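Readers should treat all values here as calculations from the given coordinates under stated rules, not as data from a laboratory. Because the structure is a prediction, the values reported are computed rather than measured. Note that we place each Cβ from the backbone using ideal geometry, even for glycine, and neighbour counts take in every protein chain shown.
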Amino acid sequence: MLKPYLVVEWNDTETDAQGWLVVQNLKKGYSGGGTRMHPSVTKEEVIRLAEAMAYKYVASGSETTGGCKAGIAYDYKAPDALGVLRRFLIAMMPYIDNGVSLGNDLGTKYEDILEVFHEFGIDIPLTKTMKEDPVVLKGIKDYDYLLTQKMDGLLLNDIVTGYGAAFATDEAWKFTNGEAGAKVVIQGFGCVGASCALKLHHLGYKVVGISDANLLVTCEEGLDIPSLIEHKNEYGEMDQAYFKSDYHVRPNNEWLDVDTDILIPCALEDVINESNADKVNASLIAEAANIPISAGGDKIIREKGIYLVNDYVVNLGSVRAYDVVVFGLVDPTPQAVIDDIEQLCRKNVQHLFTESEKQNRYQREVANELFRPGKSDLLEY
């Protein structure tokens, strides 16, 4: 594990919530990452996630941004969760106003974060130099516009990561000579899981199982993804009232028992670990969640010979979208952004799997060398 550049701890004065901001590295004085809220969040987890963000920015081809992450140990469903999030962001405002760009992650919404930023006259966190750059200022306006745009009935910001994960999965499956119409199981049905399922559905895959916080639903003939998305609630939970007669409902901890070709964890960290990794029957895992496999679980996955596309290669869509729009690298249209993400995800997977095959080494080991981040560069953009 790399040593983080900065770790800040916060203790809420009105609840028992705790939070942490971790800056893994700065690139030209700038860093980016999401804000997670969940009762299970720990300082160690946020440190691991910040490191993954630094790798992700390298994989996304960024020359302007380092990696950071924020995490709050609190129930995101609690009635006062927004107040907790607001107080945390206010406490971190000195860092945010100087180029630590926090977005949303599990348990938070970007519009809620932006609302707090706007209270302090901040649109998107920028360094001093970026605030005076006309290209960046135009890019911010373009990015704000794109946040209101939809594709396939979903907000662009809600699909960039999931669609990128689907493209990466598809490229990996093709590289391993997988057959068309492969079976997929997805764990987690928030923005990432839902949009990944939708794009894989469009690409001809058969999503045979989805688990959320409450249940696992399966169907051998494939689930009706558009319908499940249409009727899920704000927390990414499915509504059984709209399940079809051939759907089977099971406890959500049985998601590894479903027969599948491809497994895509899209929610919490360490959901595959030494206690259950031996149950994985898929031949490919695509990590759409951040660090969804523990070190002990990863050892088992490697020994079983399962192909793996690791998290920062799979789920870089939102990072890439932000970077290329704010810095004016692509046309600010939804299709151009998605096309750019697809091209990058497929290129990275091809590079990773080609090198892994050439070196006869596990994909995670190779990726950690190919996309290793550098030290903090404090020179402002």
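Each residue, Thr42 and Glu221, gets one label point 7 Å from its Cα in the Cβ direction; the gap between the two is 4.5 nm. Projecting label points 7 angstrom from Cα along Cα→Cβ for Ala295 and Glu14 puts them 3.9 nm apart. Counting only DSSP H runs of at least 4 residues, each contributing -39500 (n - 2.57), and dividing by the residue count of the chain, the helix-based mean residue ellipticity at 222 nm comes to -12000 deg cm²/dmol. When its C-alpha radius of gyration is set against 2.2 N^0.38 Å (N residues), the range 207-266 gives a value of 1.03. Percent of alpha carbon pairs in the range 1-131 separated by more than 23 Å? Above the 23 Å cut-off, the range 1-131 has 25 percent of its Cα pairs. Loop-resident GluC sites (Glu not before Pro) (DSSP state other than H, G, I, E or B) in the range 1-106 with no more than 16 further Cβ atoms inside 10 Å of their Cβ: Glu14, Glu63. For the range 21-153, the antiparallel share of DSSP beta bridges with both residues in that region comes to about 30%. Listed by chain and number, the lysines whose C-alpha is less than 25 Å from the C-alpha of Lys28, apart from same-chain residues fewer than 8 away, are Lys3, Lys56, Lys69, Lys128, Lys131, Lys138, Lys141, Lys375. Angle, helix 81-91 long axis vs. longest principal axis of the chain, Cα atoms, 0 to 90°, nearest 10? The helix 81-91 is inclined about 40 degrees to the chain.
Extension gain, Glu369 to Leu82, is 99.4 nm, computed as 0.36 nm per intervening residue step minus the present C-alpha separation.
If you wrap the chain's Cα atoms in a convex hull and average its projection over all directions, what's the area in nm²?
Taking a quarter of the hull surface, the average projection is 17.4 nm².
Here's the picture: charge each Lys and Arg Cβ at +1 and each Asp and Glu Cβ at -1 in the range 7-78, and of Pro39, Ala73, Val22 the one pushed furthest to the positive end of that dipole is Val22.
Within 10 Å of each candidate Cβ there may be at most 12 other Cβ atoms; applying that plus a DSSP loop requirement, which chymotrypsin sites (Phe, Trp or Tyr not before Pro) in the range 52-146 survive? Passing both the DSSP loop test and the Cβ count: Phe120. Under a GNM of the chain (C-alpha, springs under 10 Å), which listed residue has the highest mean-square fluctuation: Asn310, Asn252, Asn348? Maximum fluctuation in the GNM of the chain, among the listed residues, is at Asn252. Nearest 5 is fine: what % of DSSP beta bridges in the chain come out antiparallel, could you say? Taking every DSSP beta bridge with both residues in the chain, the antiparallel ones total about 45 percent. Cα centroids of the range 101-146 and the range 293-369: 25 Å apart.
The P(r) of the range 165-263 has a tail past 21 Å containing 25 percent of all C-alpha pairs.
Largest first and in whole Å, the equivalent-ellipsoid semi-axes of the range 207-318 read 25, 16, 12, each the square root of five times a Cα gyration tensor eigenvalue. Taking the inverse of the average 1/r across all pairs of different Cα atoms in the range 78-146, what Kirkwood radius in Å do you get? Here the Kirkwood hydrodynamic radius works out to 12.8 Å.
Students often forget the sequence filter, so: which aspartates and glutamates lie under 18 Å Cα-Cα from Lys358 once same-chain residues fewer than 8 apart are removed? Of all the aspartates and glutamates, those that pass the test against Lys358 - Cα under 18 Å, at least 8 places apart if same chain - are Glu171, Glu369. The label point for Asp144 and the one for Glu254, both projected 7 Å from the Cα toward the Cβ, are 5.0 nm apart.
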